[in-house]
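Every read-out reported here was derived from the displayed coordinates using simple, explicitly stated rules and does not represent laboratory data. Just so it is clear, the model here is predicted, and its values are computed rather than measured. Cβ placement follows ideal geometry from the backbone for every residue including glycine, while neighbour counts extend to all protein chains displayed.
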Amino acid sequence: MNPMNDPFTESHGQRSGLFANGGASHPLTGPTTPQRNILFLSNHTPTRDPFAPLLSPHNLRVLLSESERLRMSLKQDLATAEEELESAQENMVSTKQDLATAQEEMKLRYDQIKFRDGQIKIRDNEIKVRDEEISKLQSEIHRLRVHIEKQDVTIRTQSRTIQDPRSLRQRRMEETSISLSATAQPWSPQNIQSLVGPTQSLSLGAPQQFASNGSDNAQYSSPYGHTGPGPQMSYKMSYPVEPTAPPMQFDLKGTVAGASLQGLFHPTPSARGPNQMNMNTQDTMHLTTFNTPGGISSVYGGGATAYAGIEFEAKVSDFGGRFRSLWGKIDQFGRIYVINGELRPEKVPAPLKEYMMLDPNTAVAVQYLNHAMTKPLCVAKVINFYLCKKMLKYTEIIKNLSPRIDGEILNAKRRMTLETPNSVRHGLLAKVADQMALARQKPNFTEFCSISRENHVNELLEMLEPLVTTMEDNNSMRELLKNIIVDAQKIGIDLFSCPYDARFHFPELNESYDPMVMVNLDPTLHANLVRARVGLSVTPYIRLGLINSEPARIRIVCGAKVFTRVPGEDANANHTPGRPS
């Protein structure tokens, strides 16, 4: 029987090239014919024969085949690993390059940041230096502003001093050092109305020429009805005093600078002015209404006429009586409603202190606030100051009625400076009077006045609350205060409907007492009256001027009521004579 062909030989369809014959191998020259034909797949993987020995040819061939496959697999893995290694090396080189580039960029950015930090520090230093410079400049600006404010105050004071002839009188009084007393030598009864040489008007600094009669004496007019020589004066007045109203009957029962000084307030009328003995002091000219805005300008414009002077004198007399009546009502209000308790300066609000002009010395302020005579007058002083500040101004009396009217009035006010000539100033005052006439023709003028009065009453009641007695029913207080506001409003409207230069001035604390424009309310006058100083002012002195005449007519409408010391204080106390303690 022929042996079976081995399916795992290299030639599966042929016999082996060697044939064992008697121990010798003879090659077969021809193909052998297989006994059976079996088809094997080319990718067949031989497996071990479990029944054959381990070292059998078949198993060895299987092991060899497996080893070869493993070697090929390892070789392929090695090649793959080498490729991956090369790729990793390339990646590492690229990474190193990227790292170097990143380090360079970081270094560059660090240098940029460092450079920017340096620039920021430099800018911070510059900002700090500039801040210091700004602080220094702000300090310098503040110092300059304070200096400018002081200079403005000084300039205003000097301008007022230059304008106001009181300074000339005061210097002359201080130079002569002659006090006015009851035992002064009598003077000759001559006219005191004119001066020698050029003087200055009360309303402006423009010089006015007054005729001189070579005399400084005036006829003495006693308040008791007889005439006689007045006290001798050792100085010349700096402006003509020609009061046209009857002797002032002040409601506060003040002493008009003493009987010996009465002639200073009531000299004989000037020959240039109208004779007031033939005039009706109760004239109702203040009730006149102007139908056209041009009416006022046509009457008062241009050169002064005789009628304008006569009308001015009548107006001065009329306004004087109305102001005295107003001060009397305010005095009555203070006496009725003043608080009963003690007043302390520290409990008085700042606006009230400003209005009352209290002495900075607390002890002196307490005396004025709680003295039986001056306590109600402190209430009156607040009302008087409020009226002069909030109502008796041509910029305030009809404020907010019409923007156009307000603009015209403010424009006129801006043009009225110290250097404005009298003729130009009079024209501006006439324009203000024209605007007042236009305002009075407004259909809502009456309603505006009513609303304005109510606002002023409410504001005053709130302001006076610490000084007046609190009542359950304040209707009577409100009505009396409303009547005061109504009178002040009427006076203001009528006053500024005329082109007169009106001035209101409250004598300030420690201001030199001027008997020409002030009335001392102290019943026991100091003997050395010339050296007295104001301790408390109650009412302002008011002067009106018709400045388009030659010379300008200046009249004192009302004198200022003042105290030169606490009433009843010993005149020989240990303090400067005439000064409040």
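For residue 96, the lysines whose Cα falls under 27 Å of its own Cα, not counting residues fewer than eight places away in the same chain, are 107, 114.
Listed cross-link partners 381/442; 136/353; 150/431; 150/347; 329/353; 442/490 are compared with a 24 Å cut-off, the Cα-Cα value being larger for 381/442; 136/353; 150/431; 150/347. Measure out, as a whole number of angstrom, how far apart the alpha-carbon centroids of region 309-332 and region 428-451 sit. Their Cα centres are 21 Å away from one another. The loop-placed GluC sites (Glu not before Pro) in region 400-498, going by DSSP, that have at most 15 neighbouring Cβ atoms within 10 Å of their Cβ come out as 419, 472.
Peptide packing: for 317-323, 58-64, the average count of neighbouring Cβ atoms within 10 Å per residue gives the ranking 317-323, 58-64, highest mean first.
Within region 339-382, which GluC sites (Glu not before Pro) sit in a loop by DSSP and count at most 13 neighbouring Cβ atoms inside 10 Å? Qualifying residues, ordered by number: 342. Fully extending the segment from residue 51 to residue 350 would add 94.7 nm, taking 0.36 nm per residue of separation and subtracting the current Cα-Cα distance.
In this simple spin-label model, placing a label point 7 Å from the Cα along the Cα-to-Cβ direction at both residue 395 and residue 150 gives a separation of 2.6 nm.
Taking a sphere under 13 Å around the Cβ of residue 54 and counting the other residues whose Cβ falls inside, with K and R at +1 and D and E at -1, yields a net charge of +1. Take each peptide in 146-152, 497-503, 440-446, count the other Cβ atoms within 10 Å of every residue, and average; sorted highest first, the result is 497-503, 440-446, 146-152. Peptides 79-86, 559-566 ranked from most to least packed by the mean count of surrounding Cβ atoms within 10 Å: 559-566, 79-86.
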